[in-house]
Amino acid sequence: MLIYNSCASPQDLKTVESVDLTRYMGVWYDVASYPTRFQKNCYNTVAEYTMVDGYVKVRNSCRKDSFDAELSSIEGKAFVVKGSGNSKLKVQFFWPFKGDYWIIDLDEINYRYAVVGHPSREYLWILSREKVIDPILLEGIKQRLRDQAYDVEKLRMTPQR
């Protein structure tokens with residue numbers, strides 16, 4: 001059972017209590033997300049996280065328009081928000097802009113899946129260590145997202161192969 005950080009009101013987005021960043025590092029497949037302009041027509045979307053002294057190196061990649069297209073990628077940095085138990089980060093792809101990266105659901109035993117949201121609820125990613133996520137697990141994640149006032153009808157499955 002996940003324990004969420006308490007927030008001031010039911011409208012506030014709750015994050016997981018804590019994240020072991022060492023276990024969180026590595027490759028994650030984007031299996032479903034809210035459509036964004038920067039991921040439009042992406043196939044095989046992958047996020048890779050690496051610990052670097054004082055921050056997390058972030059590398060997002062995908063293939064635009066088809067599985068066989070050239071790989072497109074971008075690198076950035078993520079910084080832990082103090083006092084968040086590592087569940088809130090600020091991600092920067094273009095200086096000086098930083099965006100909220102909140103881990104709102106996580107397989108706390110095996111780190112097989114993670115759900116990343118934004119306090120505005122305008123952004124959402126369901127990440128998995130595997131290219132395909134178990135449908136029953138996905139339904140459980142969607143229910144927890146509904147409980148956090150996310151519109152799961154806006155989720156789009158990401159083509160992975």
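Values quoted throughout were computed directly from the atomic coordinates according to the rules given, and no laboratory measurement underlies them. Since the model is a prediction, treat every value here as computed from it, not as a measurement. Because the Cβ atoms are built from the backbone with ideal geometry, glycine has one as well, and the counts that use them run over all protein chains shown.
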Discussion item. Pull out all pairs, ordered by first then second residue, where Cβ-Cβ is under 8 Å, the residues are six or more apart or on different chains, the first lies in the range 25-41 and is more than 17 Å from Ser66 (Cα to Cα), and the second is outside any loop (DSSP other than H, G, I, E, B) and charged (D, E, K, R).
Written reply: Gly26/Glu48; Val27/Glu48; Trp28/Glu48; Ser33/Arg156; Tyr34/Lys154; Tyr34/Arg156
Item to complete: Please state which of the following conditions Ile104 fails to meet, knowing it meets all the rest: (1) touching a residue at least 60 places away in the same chain (Cβ under 8 Å); (2) within 22 Å of Met25 (Cβ to Cβ); (3) over 12 Å from the mean Cα position of the chain (by Cα).
Response: (3)
Worksheet item: How many residues are surrounded by fewer than 17 Cβ atoms within 10 Å (Cβ to Cβ), aliphatic (A, V, I, L, M) and in contact with a strand residue (DSSP E or B) (Cβ under 6 Å, 6 or more places away or on another chain) if we restrict to the range 47-86?
Response: 4
Fill in: Qualifying residue in the range 54-71 (condition: part of a strand (DSSP E or B), touching an Asp or Glu at 6+ places or on another chain (Cβ under 7 Å) and closer than 25 Å to Leu145 by Cα)
yes
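Results for (1) in a loop (DSSP other than H, G, I, E, B); (2) over 15 Å from the mean Cα position of the chain (by Cα), shown as yes or no for each residue.
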| position | (1), (2) |
| --- | --- |
| Ser84 | yes, yes |
| Tyr111 | yes, no |
| Val115 | no, no |
| Trp125 | no, no |
Worksheet item: Exactly one of (1) out of contact with any Lys or Arg (no Cβ under 7 Å at 6 or more places or on another chain); (2) part of a loop (DSSP other than H, G, I, E, B); (3) farther than 12 Å from Lys14 by Cα is unmet by Arg121. Its number?
Response: (3)
Worksheet item: Counting only residues that are within 18 Å of Asn60 (Cβ to Cβ) and in contact with a strand residue (DSSP E or B) (Cβ under 6 Å, 6 or more places away or on another chain), how many does the range 107-154 have?
Response: 12
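Take the residues in the range 20-46 that are in a strand (DSSP E or B) and among the aliphatic types (A, V, I, L, M); name whichever of them is surrounded by the fewest Cβ atoms within 10 Å (Cβ to Cβ).
By that ranking, first place goes to Val27.
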Response to the item:
Here the qualifying pairs (Cβ atoms under 6 Å; residues six or more apart or on different chains; first in the range 148-161 and touching a residue at least 24 places away in the same chain (Cβ under 8 Å) and outside any strand (DSSP E or B); second polar (S, T, N, Q) and surrounded by 11 or more Cβ atoms within 10 Å (Cβ to Cβ)) come out as Thr158/Thr45; Gln160/Asn44
